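See below for the structure under consideration.
Values in this text are rule-based calculations from the coordinates and carry no lab data. Fair warning: this is a prediction, and the values are worked out from it, not measured in the lab. Reconstructed Cβ throughout: ideal geometry from the backbone, glycine too, with neighbour counts over all protein chains shown.
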Amino acid sequence: MSTRHRSQDLAPQPRVELRAHARSERQRINSELQAVASLVSGGLEPDDTSEPGAAWRPVHHHDPERARAKVSKRQLRHWKVKAWKRRTADRRARNMATLALERA
């Protein structure tokens with residue numbers, strides 16, 4: 001069995017705290033965007049504003065390169081899955097039916 005959650009100093013945060021943190025991050029993002037929008041609508045040129053960039057976004061806990069690799073692996077599926085077998089059988093049946101109609 002895994003020892004991932006057995007040590008008390010590395011216990012995961014409660015879900016309520018995680019959701020509260022995510023909500024405060026969303027609120028911070030929205031307030032920053034609203035401040036920029038109010039400056040632009042107030043007459044300031046959009047080029048003159050300090051628009052929050054990619055570094056301004058909250059830090060995510062996953063590695064984006066690893067996520068891309070995982071998605072690319074997910075698209076390459078093994079050929080011996082039930083859906084593949086079913087689709088192949090359906091395709092064969094359709095071809096046999098069209099061949100039978102063409103011969104008749």
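Neighbour counts of C-beta atoms inside 10 Å place GLU25, GLU45 in the sequence GLU45, GLU25, starting with the fewest. A Förster radius of 35 Å, combined with the Cβ-Cβ distance separating ALA93 from LYS70, puts the computed FRET efficiency at roughly 0.50. Taking the fewest neighbouring Cβ atoms within 10 Å as the starting point, the ordered list for VAL36, VAL16 is VAL16, VAL36.
Sorting GLU32, GLU102 from the fewest to the most surrounding beta carbons within 10 angstrom yields GLU102, GLU32.
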